[in-house]
């Protein structure tokens, strides 16, 4: 599905060409996945520059590990595993990971209903309500790293549960429970922001 | 009529697209009459679009750097290749100085001028069983002051 997104050469063929010494074929894979990879990376590490470094490092790592790729399996699932691990490593090393305590007040049960239930759905809408985006990012940053990876892979990348399970090396049940937890936390942050 | 506690579970199940039509209808009825649960539902439903919009903004902010990603990756691959080559070159030739150091140490510290063996038995006794038999034992024995010590023995032609 993914490899035909741009109507180009299948991923497997590009990998074979890369392994045969055609570096430009790997460039094609980079072009194909860099946007989605950045979206996942920035969701996990939070910072745009850090995310660029993560994407770059993940592609370099993928290039040197390509010999170990099992043909017939999905390149992007394989690559995302490298990417997510790289992003989590980066997050652990960055000072930001220690700076974002989770605000327990978001969990208050007696919150009154907001004036409006509508949330921004487009970048343009969100630019007019940047505080909401920042609040959500803080809430994402406060999630445990694997919960953060799950919500980003599901909500930003649109991955299926079984694919997320493969990327993170856990069961579908674990994915669902992490997703459940993460959604609960993010819901509270959005509500809290709305209620001022 | 669904209560709030049940509705909360259903709201999350709805986000995971795990709700039956019947449950979805029951939840819709509850949300229509419960502003608190409706707010929760809206926030859950809103999480995905807000996250995607936030990501899109960040991608737009970094668009020039993203456009140059392959250039960055190629440079990184080249740099990594050079450092791997340097490392493999080091690994290939590192044994030479190590071997030289070992040889020098051997020459410097090898015990020289020893004119006697470290163990000198006081007397020897060689005992040979019947050489015609299948069993033959030859032993070099130090009789010593109190107890004899076997220094070397061949039993059935095995040392």
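The values are calculated or read from the model by the stated rules, or taken from the named source; none is laboratory data. Note that the structure is predicted; figures quoted are calculated from it, not measured. Cβ: placed from backbone, ideal geometry, glycine included. Neighbour counts: every protein chain shown.
Within the stretch A:1-19, the only residue that satisfies the criterion of being at pLDDT 95 or above and over 19 Å from residue A:77 (Cβ atoms) is A:17.
Could you tell me which of the residues A:65, A:61 is surrounded by fewer than 16 Cβ atoms within 10 Å (Cβ to Cβ), farther than 19 Å from residue A:154 by Cα and within 14 Å of chain B (Cβ to nearest Cβ)? Criteria check complete, one pass: A:65.
Each residue in the stretch A:20-35 was checked for being more than 10 Å from every other protein chain (Cβ to nearest Cβ) and in a helix (DSSP H, G or I), and 2 pass.
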